[in-house]
Amino acid sequence: MFRSFRFRPRQLILAAILMLVGLAGLFYFSGTDVRLGTTDLTSLGLLAGGLIFYSGMLVIVAMFESETVLSIALLLPSIVAVAIFVYGFIGWSIRVSLSQWQGLLPDYTWAGLKQYYNLFNNDPRFLIDVRNTAVFTVGFILGCLIIGLGLAILLDQKLKGEALFRGIFLFPMSISFIASGVVWAWLMNPATGDRLTGINMIFHLLHLDFLISLWYTNPQPWGMAFTVIPAVWQLSGFTMALYLGGIRSISDDLREAARVDGATEFEIYRYIILPMLQPVTLSAVIILGHMSLKIFDLIVALGKQDIRLDVPGIYMWDTTFKADNYAQGAAIGVLMLVSVAILVVPYLVQNMRTETEI
Amino acid sequence: MNRRAATNALFYLILIACAIVFLLPIYLMVLTGFKPFNEVDLKTMWSLPTNGLHIENFIAGYQQLAPNLKNSLMMVIPEAVLSSLLGSLNGYLLSKWKFRGSNLLFTLILFGMFIPYQSILIPLVMFMQFIKLYGDLPGLVLVHIIYGIPITTLIFRNYYAGISTEILEAGRIDGASLIGLYRHIMLPLSAPSFAVVIIWQFTQAWNEFLFAVILTNQSHWPVTVALNNLAGSQLVQWNVLMAATLLAALPTLLVYIFLGRFFLRGLMAGALKG
Amino acid sequence: MSKKIYGLFAVIIAVATVLSACGPAATPTPAASAGGQVEVFSWWVGPGEADGLAAMVKIFQAQYPSEKFVNAAVAGGAGTNAQAVLATRLAAGDPPDSWQAHAGMATFAYANAKQIQPLDDFYAKNNLNSVFPKSLLGLISINGHPYSVPVNIHRSNVMWYNPKVLQAAGVTIPSGGFASWSDFFAACDKIKAAGKTCLSLGPEGFTAMHLWENVMIGTLGADKWSGLWTTPATTDWNGADVKQGLANYATALSYTNSDASTLSDWQPASKMVADGDAAFNIMGDWAYGYFANPAPNGLALKPHTDFDWTPTPGTQNIFVFLSDSFVLPVGNKNPQGTLDWLTVAASKAGQEAFNPLKGSICARTDCNQSLFSEYSQNAAKDWASNAIVGSLTHEVVSNPAWKTQIDTDLKLFLASAHDAAAQATFQSALAADCKSKGAGACP
């Protein structure tokens, strides 16, 4: 690593100056209120000071003339940030989940695994949450993948107006989850008789009365499955874009060759394109999965805190911020992370292995 | 040829049916946004507003959102630009300058994407206070950039993995350094994935509420907080709320319309091929 | 291509900047010296309540021109954001200068965590002990030390009804209201026979608990209800009275609309009464403004002809109250500013400016009644003469932890078949909650 260290006095002086200026800036801005007109410059100044200090460090690192050292140094800000903001805070959550903290005053008294034990053994609500998350995650990911892929294949037919359709399918992504939950709750109103409304009303007007549904007030777990609809509405367009990008990047020669060999269009999709889309599917599953396991706003707006539609995110929010039970809230958060880990880590490890082999 | 026309017609039919289903909720939002308060009702959800369109809902919504619109822009634009630059640097280093443990490092960074934000609010606020970046927009920008690192790194790393190393080798023979290769070879090639990342980060940060309300003080609240505040604790004007929601979605929509093509091109170029 | 991207970005930024510049001036950043700011945290952002707050702020700015009021109101709507923001700031040691809290046990939770200070001197200086009702002072004090300044009083036990629906079904309300829930159920049978929903109900957020507390109070009476929450509890959670209350609740649920859990909030449930789809709706008196106010904040209905009100069954001489109050924090930036704000919030002028707009009555007993609506004037008379009990839904009688646990058990009950077995499960869960989350011994 240190084989090719070259001492350059000029650069050392530059580095020292940068680091000193950066440090001075940090101290100055953290000590006094600096304002330009009505704008508070404290946080900007601190960020700039930190950056100047860091660039001084980089100048020194560059003297090592080792690309590995330099690339680690360039990655360092991200590594430090993730170490603190992700792993540091997870550590904090784990510590709190092992404590007795109830009420507004922090209380780190050791309580062992009590919170976890309670959640799994005498908490009917948490069991509902686990079932609901499973239903939601499976339904949401499958729904987005199937609809997204279907739309992508349709749009791949080089039809006129493709851009317009693409825009329409992507549009719901720009609406916030809360607004989407509210509107879909209106659309999926289960009232019958003369209070019939929403989509059920449309079914009735189209003489499709057999389709009239209780929606998400169906008996569980089917009711929960309907909460997937707004989420799929919002993100199937994005999934479509992912797939369309994937399909378009497959060269036309390949398809042409298959056609020459006598393959039908269906066979081309089935045997050539779908297998090649597998990496896209994996990316989509990761991105959709991280949303679905943390889902919160949408279910709050849609389910109105109906416990039949409860998810861990809502339960954690309630225990932490409504009941001031910080220890239990942290335990739920940690369990959410663990469930993610169980789902994702095998994929990540697999991904790492295959790449190392190459 | 006839068969082709028939299938095409079928495809159009399906596409149009899908488009109607996709637009139905939007139509309902627009419709509600144009209604007077006393006509907002579940039973008459589909009826048109009487006495013409009530534009005043949109004006009222806009007046409530306007002070915060500037905050949102001042937060989202640097956030999207800086976080895509950082992601691209990370992606470049992690895909082209692999060292022992760089894959493990990438995996550890990626895992950060899954952290449930609601459970780390308290240490987050304490830490932001500690580094004195609490209460103002730069702090919020920093937090968005940091929690964006996993996904931006993922996208750029996958994209760069698809670019052949031969170009880099050629550059190296010409004597370019690690940073020189990035600036003169990789960066000019990265426009498509920049479009993907900028759009993604823009949408995420624009619609984000939790960090926004907790990390900034009242004079720096972005538009999502103002939007949330349109719903009172006891009375909700659904018509104004829907009008304002549509207004708040406009900037993202503009980004989609103008950058949508590049977004798709970026995806085609392999930004998310995994 | 990249040039195009930058160009488009420039256009978008330009358009957006113009858009934001055209709007009203951005919220001014508070003056340079931080000392003059009074940051007050509330969840008053909706129509009426925000106007009331603004009216009070106007008085504050006139009386204390050197202070700068910073309105840090966050809506309590989806996800009860307001509490989370406040809890996070308190846990991180950055309290606002004052914040809104429900008077009663909700405030005591802050006091027990040493986050707010007693207000004895403030009460003495402003002669507040003589202008607030004695029963209210008892509910906001620990060992005789008051911990918050109540601004308003809302009533929880109001049953709104549509006189035309009642007339068509041949139902008359006895003067003073239904004496018991069984009387009410008899009336419900008639309304059901006439093809209408008897009792409209909103989603589980808080309306289900709101109905629950009113059924319980109507069944138990004022003293036994209050006895559930004392230390130690004098009413047995496992007893026959609570059992009867839960049975009544199950029966009441059988008369409600099937889509209750999917409604946006309480408003669509109240609207069912306004539209004549339902006969009754039980909701706090903030619903009055929704029925009676002119557009755009209300339905502009005429009292007594389009809608009318009566106490909930079995609560003729009971006033179930909730109250919003402000507190004096420990360790905030501008303690003098807090005291100035509390002075205005407690004052006659402040409360007279706030309450008519909010649709509540004054916490003070000396407000000028001619400023208020007919409903509020009646409510003020009842407030002076009825038995006063606290609301659970709005955290007067229980601490937040206990309330949240009851809420979870209530929701589990709602998800059940509501039958005798589910009622028994619910009751034993309630008794267990009293032991684990309540303040003391439970029989």
- Item | Peptide B:245-257 - average C-beta neighbours from other chains (10 Å radius) | 5
- Message: At a threshold of 8 angstrom on Cα-Cα distance, excluding pairs fewer than six apart, so keeping six or more, what relative contact order does chain C reach in percent?
- Response: 26 percent
- Item | Under 5 Å, built H, 5+ apart or other chain: amide partners of C:F280 | C:L199, C:S200
- Phi to ³J(HN,Hα) by Karplus 6.51 cos²θ - 1.76 cosθ + 1.60 over the range C:315-330, Hz, x for Gly, Pro: 10, 4, 10, 10, 10, 8, 10, 9, 8, 8, 9, 10, 10, 10, x, 9
- Item | Distance violations [Cα-Cα > 23 Å] among B:K43/C:K164; B:K132/C:K58; C:K333/C:K358; C:K224/C:K358 | B:K132/C:K58; C:K333/C:K358; C:K224/C:K358
- Proxy reagent accessibility, fewest Cβ within 10 Å first, across A:V69, C:V215, C:V70, C:V273: A:V69, C:V70, C:V215, C:V273
- Straight-line reach from C:K125: which aspartates and glutamates have a Cα under 17 Å away, not including same-chain ones fewer than 8 places off? C:D340
- Task: Lys and Arg at +1, Asp and Glu at -1: add these up for the other residues within a Cβ distance under 13 Å of C:P95 and post the number.
- Result: 0
- Item | Compactness index (Cα Rg / 2.2 N^0.38 Å), the protein assembly as shown | 0.98
- What percent do you get for the relative contact order of the range B:55-268 when only Cα pairs under 8 Å and 6+ apart count? 37 percent
- Derived scalar couplings ³J(HN,Hα) [the range A:66-79; Karplus, 6.51 cos²θ - 1.76 cosθ + 1.60; whole Hz; x for Gly, Pro]: 10, 5, 5, 4, 4, 5, 5, 4, 6, 7, 3, x, 5, 4
- Query: Using the alpha carbon gyration tensor of the range A:124-357, what are the three equivalent-ellipsoid semi-axes (square root of 5 times each eigenvalue), largest first, in whole Å?
  - Reply: 35, 27, 14
- By how many degrees, 0 to 90 and rounded to 10, does the Cα axis of helix C:240-254 deviate from the longest principal axis of chain C? 80 degrees
- Task: Kindly put B:F262, C:F206 in sequence by how many other C-beta atoms sit within 10 Å of each C-beta, fewest to most.
- Result: C:F206, B:F262
- Message: List the residues, sorted by chain then number, that are 5 or more residues from C:D285 or on another chain and whose placed amide H is less than 5 Å from its amide H.
- Response: C:R155
- When only Cα pairs under 8 Å and 6 or more residues apart are kept, what is the percent relative contact order across the range A:124-357? 29 percent
- Task: Would you mind pulling out the separation of the Cα centroids of the range A:124-181 and the range B:1-55, in Å?
- Result: 18 Å
- Query: Mind checking which of A:V80, A:V135, A:V96 has the largest fluctuation in a GNM of chain A, springs on alpha carbons under 10 Å?
  - Reply: A:V80
- Message: List the pairs from B:K35/C:K271; C:K196/C:K411; A:K114/C:K435 whose alpha-carbon separation is above 22 Å, in the order I gave them.
- Response: C:K196/C:K411
- Query: Relative to the first principal axis of the alpha-carbon coordinates of chain A, what is the inclination of helix A:326-357, with its axis defined by its Cα atoms, in degrees from 0 to 90 and to the nearest 10?
  - Reply: 80 degrees
- Sorted by chain and number, the residues with a modelled amide H under 5 Å from that of C:F307, at a separation of 5 or more or across chains, are C:K302
- Using a 10 Å cut-off on Cβ to Cβ distances, tally the other chain neighbours for every residue of B:127-135 and report the average as a whole number. 5
- Task: Within 10 Å of each Cβ in peptide A:145-158, how many partner chain Cβ atoms are there on average? Round it to a whole number, please.
- Result: 2
- Would you kindly derive the ³J(HN,Hα) couplings of the range C:395-400 from the backbone phi angles with the Karplus curve 6.51 cos²θ - 1.76 cosθ + 1.60 (θ = phi - 60°), listing them in order in whole Hz, with x for Gly and Pro? 6, 7, 9, 10, 6, x
- Cross-link partners of B:K96 among lysines (Cα-Cα below 23 Å; sequence separation of 8 or more within a chain): B:K273
- Task: Pick out which of A:F177, A:F203, A:F29 has the largest mean-square fluctuation in a Gaussian network model of chain A, springs linking Cα atoms closer than 10 Å.
- Result: A:F29
- Query: Taking Cα centroids, how far is the range B:136-202 from the range C:293-322 in Å?
  - Reply: 62 Å
- Item | Within a Gaussian network of chain C (alpha carbon springs, distance under 10 Å), most fluctuating of C:A250, C:A113, C:A346 | C:A113
- Task: Only loop residues by DSSP count here, and only those with at most 13 other Cβ atoms within 10 Å; note down the trypsin sites (Lys or Arg not before Pro) in the range B:95-202 that meet that.
- Result: B:R100
- For C:C367, C:C198, C:C362, what's the fewest-to-most ordering of other Cβ within 10 Å of each Cβ? C:C367, C:C198, C:C362
- Query: Which value in deg cm²/dmol, rounded to the nearest 500, describes the helix-derived mean residue ellipticity at 222 nm for chain C, given -39,500 (n - 2.57) per DSSP H run of n ≥ 4 and division by the residue count?
  - Reply: -14500 deg cm²/dmol
- Note on the structure: Looking only at lysines whose Cα falls under 16 Å of C:K134's and that sit 8 or more positions away or on another chain, we get C:K381
- Kindly provide the pair-distance distribution of chain C built from C-alpha pairs, with 20 Å bins from 0 and whole-percent values in order of increasing distance. 24, 54, 20, 3
- Per the 1/(1 + (r/R0)^6) rule, R0 = 35 Å and r from the Cβ atoms of A:L142 and A:A257, FRET efficiency to 0.05 is 0.65
- Can you tell me the 0 to 90 degree angle between the C-alpha axis of helix C:420-437 and the longest principal axis of chain C, rounded to 10? 40 degrees
- Query: What spacing in nm lies between the two simple spin-label points modelled at B:W46 and A:V349, each 7 Å away from Cα in the Cβ direction?
  - Reply: 5.3 nm
- Query: Tally Lys and Arg at +1 and Asp and Glu at -1 over the other residues with C-beta under 13 Å from the C-beta of C:A106: what net charge comes out?
  - Reply: -1
- Task: Per residue, how big is the convex hull around the C-alpha atoms of the range A:9-85? Give it to me in cubic angstrom, could you?
- Result: 94 Å³
- Grab the other residues whose beta carbon is less than 13 angstrom from that of A:Y271, score K and R as +1, D and E as -1, and report the net. 0
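Values in this text are rule-based calculations from the coordinates and carry no lab data. The structure presented is a predicted model; accordingly, all values stated were derived computationally and were not measured. So basically every Cβ, Gly included, is an ideal-geometry build from the backbone, and we count neighbours across all protein chains shown.
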